[in-house]
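The values are calculated or read from the model by the stated rules, or taken from the named source; none is laboratory data. Source: prediction; values computed, not measured. Heads up, the Cβs are rebuilt from the backbone with ideal geometry, glycines too, and the neighbour counts pull from every protein chain shown.
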């Protein structure tokens, strides 16, 4: 591999790691905000533990799916970039 190819791969991998980090941070912040809002609203509207648990579970599942999708997309992009660079 040439220096240029190596550089492109390093940048692609670095970029993917940064995107994954940012995604995780954003998702964590959103989850915290949503959970706080839901807990406050549920406290005000009705005292039901089950509702809180269900909402928390839904939020966790949605967040997990989003994180997995983003990570998969980023990994696929990096792999494609690496393959294209190596092949050409």
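Just so you know, in the stretch 45-59 the residues that are out of contact with any helix residue (DSSP H, G or I) (no Cβ under 6 Å at 6 or more places or on another chain) and modelled with pLDDT of 65 or more include one that is surrounded by the most Cβ atoms within 10 Å (Cβ to Cβ), and it is 56.
Let me confirm something: among 72, 36, 62, which residue is at pLDDT below 80 and either assigned to a helix (DSSP H, G or I) or loosely packed, with under 12 Cβ neighbours inside 10 Å (or both)? Break it down into steps so the answer makes sense when it comes.
On the way: 72 fails: at pLDDT below 80; 62 fails: at pLDDT below 80.
Going through 72, 36, 62 in turn, the sole match is 36.
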